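A short worksheet on the structure shown next.
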Amino acid sequence: MKKILFLTCVAVVVLCSCSGDHHDSLLRAKVDGRNKNAFVERYKHPDWVIRYSSATLDFIADSLPYYYDGMLRTWNNMAFAYYLVGSYDSALVCVDKVLQFERNADNKDVERVIAMLNKARVLQRTSNIADSYRILYEVDRTRTLERNKGDLLCNYAIAEYYITILELHYHYRDDHSNDVLESIAEIENKRKILKCDYAQDMALNCALAKSYLTLSHSDDS
């Protein structure tokens, strides 16, 4: 009788544990789905992304406060949306949330790089060019993008890195033909294996087109 009672208690504990894991998985899937929706709409509806991501953070705080990967993704979505609408101080607040995050998360290193690139883009818009280049140097030094090749989130970060460096070269280098040529060659060599969404591909195409235009003007002169 005691043995049967013990086995029954074990079965109940296991069942409750499995039920809890399933519930957490459903909640994480909901957060991931919300973050995917925000990511897809980032260029078309950045204002909506800001409101939607804020609601996602509230949902995480209430239902899944230990889902740190979802939290970091949401902050970076908000940072980029704030950047697009020109709310640079708010963008930097979100960036700092990621850069100062101390807990362990599976995607923490890549999300930190994305936050650094968001910061570089904001600094570029506010004409703090030296610090923008310094951040790109720090990204290179981490080698995070090299260690995580093939990962979808990392591919997005790589594309953002290329867009950022091309925009900086385009706007702020007086004699930068060699820099542009090296960047373009590297991008053209890698872009076939980058799996970005349509919006990211178009943003990279735009940055490349501006760089090619700069080179053609340099040749004419």
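The values are calculated or read from the model by the stated rules, or taken from the named source; none is laboratory data. Keep in mind that this is a model prediction, so the values were computed, not measured. Positions of Cβ are backbone-derived with ideal geometry, glycine not excepted, and every protein chain shown enters the neighbour counts. Quick note on the areas: whole protein, heavy atoms, side chains included, nothing else; ligands and nucleic acids left out. Shrake-Rupley method; radii C 1.70, N 1.55, O 1.52, S 1.80 Å.
Worth pointing out:
- Total residues in segment 22-39, condition surrounded by 14 or more Cβ atoms within 10 Å (Cβ to Cβ), farther than 15 Å from residue 71 by Cβ and either at pLDDT below 95 or acidic (Asp, Glu) (or both): 0
- In the set 97, 44, only one residue is open to solvent by 40 Å² or more (accessible area, probe 1.4 Å) and in a loop (DSSP other than H, G, I, E, B); that residue is 44.
- Applying the criterion of being surrounded by 18 or more Cβ atoms within 10 Å (Cβ to Cβ) and part of a helix (DSSP H, G or I) to the residues of segment 59-68, the residue that is farthest from the chain's Cα centre (by Cα) is 60.
Residue-by-condition table, conditions (1) among the hydroxyl-bearing types (Ser, Thr, Tyr); (2) modelled with pLDDT of 90 or more; (3) touching a strand residue (DSSP E or B) at 6+ places or on another chain (Cβ under 9 Å); (4) over 28 Å from residue 99 (Cα atoms):
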position: 123; (1), (2), (3), (4): no, yes, no, no
position: 149; (1), (2), (3), (4): no, no, no, no
position: 164; (1), (2), (3), (4): yes, yes, no, no
position: 185; (1), (2), (3), (4): no, no, no, yes
position: 213; (1), (2), (3), (4): no, no, no, yes
